[in-house]
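Q: This structure is in structure tokens; I'll ask about it shortly.
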There are 2 protein chains.
Amino acid sequence: MSLSMYQISVPVFIRGFSILSALIAKAEAYAQEKKIDPSVLVNARLAPDMLPFAGQIQRASDTSKATIGRLTDVKTPSFPDEETSFADLKARIANTVAFLEGLDASVLDSSDTREVILSFGPNKAHLGGHDYMLKFALPNFFFHITTAHDILRHNGVPIGKLDYLGAYSN
Amino acid sequence: MSLSMYQISVPVFIRGFSILSALIAKAEAYAQEKKIDPSVLVNARLAPDMLPFAGQIQRASDTSKATIGRLTDVKTPSFPDEETSFADLKARIANTVAFLEGLDASVLDSSDTREVILSFGPNKAHLGGHDYMLKFALPNFFFHITTAHDILRHNGVPIGKLDYLGAYSN
């Protein structure tokens, strides 16, 4: 009837990265077919003050790591934002997934008693573990997967909503 | 330590509609300030084969209702997709939220034993309640909120990521 904090996050993140990997593969194939410099897609963005495709992947990676870092005592790996190619982005995803897959399912068992403090400039938000998960971690993670999808679609990559939703067997 | 199917869906949906309402208010103010016909924003889309802003709101509404319809015996209201203005979209949101707010928190208590069958053309996916929630309902809902945000941002509406994340006190 209920779900654990682990169930609603770590497998959801891993599945999300699988979907991002499939999006990257389609973007790579499209660039090759249309003879587009892949960096055009890697650096594409929807608005001047939004992150480019690469940034969406980097923030999805960071959001998943930070969820563990903020809700547990696990030390999370640090990945500098140096990706400039699809190959780099695939490596970033692989490293992030390796970290997530290495976590024990019990890692978030006490996470609802943690307080998370989010800082936005001078403003701070104090959130309990559940609220952090439902009001920040999951919405933020899906924001970056969706925006990565939207950037590619806006640039003509032949993908559709089903590429975002992914296979249900995963 | 764990969360109920209700906790991870209905309040998340209601909060999402509050965020969409705030986005609409900013889009309306922007159209007025810049003397843009509001229907330009209502009908704006990121790609020719993607839904416009109005469609993103309609599908967010439908996703939230279908989650209840597929996982319970509750009869869900039907809303025809006839919205053509910001006022119409605000009414659609209000009607959807009224339905969600009227649900008892126990409504999804047995939902993990339900099987949901999703049809995509000739393909059908059979999902248990948990999988349906985590692999379809929540990702799909956040897709539409994010894409609504992305459409407005792409069109110059002065909003940022914090408008998507919303106030944590909600």
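The values are calculated or read from the model by the stated rules, or taken from the named source; none is laboratory data. Computed from a predicted structure; not experimentally measured. Cβ placement follows ideal geometry from the backbone for every residue including glycine, while neighbour counts extend to all protein chains displayed. Surface areas here come from the heavy atoms of the whole protein model, side chains and all, with no ligands, DNA or RNA. Shrake-Rupley method; radii C 1.70, N 1.55, O 1.52, S 1.80 Å.
Q: Can you send over the solvent-accessible area of A:Y168, 1.4 Å probe, protein chains only, in Å² to the nearest 10?
A: It works out to around 30 Å².
Q: List the lysines whose alpha-carbon lies under 18 Å from that of B:K161, not counting same-chain residues fewer than 8 positions away?
A: A:K124, A:K135, B:K26
Q: In Å², what does the accessible area per residue of the protein assembly as shown work out to with a 1.4 Å probe?
A: 42 Å²
Q: Cα centroids of segment A:78-139 and segment B:114-170: how far apart, whole angstrom?
A: 19 Å
Q: How about segment A:1-83: which GluC sites (Glu not before Pro) there lie in a loop by DSSP and see at most 14 other Cβ atoms within 10 Å?
A: Those that pass, being in a loop and sparsely packed, are A:E82.
Q: Which distances, in nm and shortest first, link the B:K124 label point to the same label point in every other copy, taking 7 Å along Cα→Cβ?
A: 5.5
Q: On to the next question. Using θ = phi - 60° and the Karplus curve 6.51 cos²θ - 1.76 cosθ + 1.60, what whole-Hz ³J(HN,Hα) does each residue of segment A:9-26 get, with Gly and Pro shown as x?
A: In residue order, the calculated couplings are 10, 4, x, 5, 5, 4, 4, x, 5, 4, 5, 4, 4, 5, 5, 4, 4, 5 Hz.
Q: Under a Cβ-Cβ cut-off of 14 Å, what is the net charge of the residues other than A:P158 that fall near it, where Lys and Arg count +1 and Asp and Glu count -1?
A: It works out to a net charge of 0.
Q: Any chance you could give the angle, 0 to 90 degrees and rounded to 10, that helix A:138-154 forms with the longest Cα principal axis of chain A?
A: Long axis of A:138-154 versus the principal axis of chain A: about 0 degrees.
Q: Using the Karplus curve 6.51 cos²θ - 1.76 cosθ + 1.60 with θ = phi - 60°, work out ³J(HN,Hα) for each residue of segment A:111-126 in order, rounded to whole Hz, and write x for Gly and Pro.
A: 3J(HN,Hα) across segment A:111-126, in whole Hz: 6, 6, 8, 7, 9, 10, 10, 9, 10, 10, x, x, 8, 10, 10, 9.
Q: What does the charge count near B:S111 come to, summing +1 for each Lys or Arg and -1 for each Asp or Glu among other residues with Cβ under 11 Å from its Cβ?
A: -2
Q: Using the Karplus curve 6.51 cos²θ - 1.76 cosθ + 1.60 with θ = phi - 60°, what ³J(HN,Hα) values do you get for each residue of segment A:86-101, in whole Hz, with x for Gly and Pro?
A: Once θ is set to phi - 60°, the couplings for segment A:86-101 become 4, 4, 4, 5, 5, 5, 4, 5, 4, 5, 5, 5, 4, 4, 5, 5 Hz.
Q: Chain pair B, A: how much accessible area is buried, both chains summed, with a 1.4 Å probe, in Å² to 100?
A: In total, this chain pair buries about 4000 Å².
Q: Same structure again: What are the semi-axes of the equivalent ellipsoid for segment A:10-165, taken as the square roots of 5 times the Cα gyration tensor eigenvalues, largest first, in whole Å?
A: Value: 30, 16, 14 Å, ordered largest first.
Q: What are the radius of gyration and Dmax of segment A:16-93, computed over its Cα atoms and given in Å?
A: 13.9, 47
Q: If you put a point 7 Å past Cα along the Cβ direction, how far is that point for B:A47 from the same point in each other copy, in nm, smallest first?
A: For B:A47, the other copies' label points sit at 2.0 nm, shortest first.
Q: Now for a different question. Would you please classify the overall shape of segment B:93-170 from the alpha carbon gyration tensor, given that a ≥ b ≥ c denote the square roots of the eigenvalues, rounded means a/c under 1.5, and beyond that prolate means a/b larger than b/c while oblate covers the rest?
A: Judged from the Cα gyration tensor, segment B:93-170 comes out oblate (a/c at least 1.5, b/c at or above a/b).
Q: At a 1.4 Å probe radius, carbon and sulfur cover how many percent of the accessible area of segment B:24-151?
A: In segment B:24-151, the share of accessible area belonging to carbon and sulfur is 51 percent.
Q: So how tilted is helix A:53-71 from the main axis of chain A? Cα-based, degrees 0 to 90, rounded to 10.
A: It works out to around 10 degrees.
Q: If you scale each eigenvalue of the Cα gyration tensor by 5 and take the root, what three semi-axes come out for the protein assembly as shown, rounded to whole angstrom and sorted largest first?
A: Ellipsoid semi-axes (Å, largest first): 27, 27, 21.
Q: Loop-only check: which trypsin sites (Lys or Arg not before Pro) in segment A:86-121 are DSSP coil with at most 14 other Cβ within 10 angstrom?
A: Hits after loop and neighbour filter: nothing returned.
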